[in-house]
Amino acid sequence: NVLHVGDQLYALWEGGQPHVLNPLTLQNLRGPGIAGETDLDGLLADRTMSAHPRYDPIRDVWVTFGYNFDPQTSKTKVDLYELDTKNFRSTRRGRLQFVKDGPGLIHDFIVTENYIMFNLNDATVSPEAGLKAVLGAG
């Protein structure tokens, strides 16, 4: 997904941090991250962000999430983000997170007036097989 916020153009993807592009040339701008990636001033320092943010018109914020599966604990941590519409930076202090047992492939969500709703799939992975997959030995 591509999102224009303020004077920045963000190329979003599921596997990591957003890339900052020049809105006129689409050139990948150099930032503090790798090849133009941005951690949004430290918000995403060790985390990912979804490519599918949702605009909440009632609160005038972008809502999105990122997740990470830990094969050692067999848990998926889901981080929730609220970003302002002027410079795409966090509107909240601290981390808002929930943990799901087992692996999760979370691709999309909806925002209502009172809730953020996810469809969480049930899946299991052998910790040994998951670790082998992460290490490329499987």
Picked from the stretch 79-124 (must be aliphatic (A, V, I, L, M) and open to solvent by less than 60 Å² (accessible area, probe 1.4 Å)), the residue farthest from V63 (Cα to Cα) is A123
Cβ pairs under 9 Å, 6+ apart or interchain, first in the stretch 118-130 and on the phi < 0 side of the Ramachandran plot, second of a type in the set (S, T, Y) and open to solvent by less than 60 Å² (accessible area, probe 1.4 Å), ordered by first then second residue, are L120/T76; T124/S74; V125/S74; S126/S74; P127/S74; G130/S74
Filtering the stretch 1-18 down to residues that are surrounded by 12 or more Cβ atoms within 10 Å (Cβ to Cβ) and modelled with pLDDT of 90 or more yields N1, V2, L3, V5, L9, Y10, A11, L12, P18
Conditions (1) touching a residue at least 12 places away in the same chain (Cβ under 8 Å); (2) of a type in the set (G, A, S); (3) out of contact with any Lys or Arg (no Cβ under 7 Å at 6 or more places or on another chain) -> A45 fails only (1)
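I'm trying to understand the selection: among the residues of the stretch 43-52, which are buried (at least 17 other Cβ atoms within 10 Å of the Cβ) and farther than 12 Å from D84 by Cβ? So that I can check it myself, show each step before the final result.
Start the filter on the stretch 43-52 by keeping residues that are buried (at least 17 other Cβ atoms within 10 Å of the Cβ), which leaves 43-44, 47-51.
If the condition is that a residue be buried (at least 17 other Cβ atoms within 10 Å of the Cβ) and farther than 12 Å from D84 by Cβ, then L44, R47, T48, M49, S50, A51 are the ones that fit.
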Log entry, pairs with first residue in the stretch 1-14 being farther than 11 Å from P53 by Cα, second being crowded, with 16+ Cβ neighbours inside 10 Å and among the hydroxyl-bearing types (S, T, Y), beta carbons closer than 6 Å, six or more apart or on different chains, reads none
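The values are calculated or read from the model by the stated rules, or taken from the named source; none is laboratory data. Keep in mind the model is a prediction, meaning the values are calculated, not measured. Please note: Cβ atoms are built from the backbone with ideal geometry, for glycine as well, and neighbour counts cover all protein chains shown. Note: accessible area is taken over every heavy atom of the protein model, side chains too, but ligands, DNA and RNA are not part of it. Shrake-Rupley method; radii C 1.70, N 1.55, O 1.52, S 1.80 Å.
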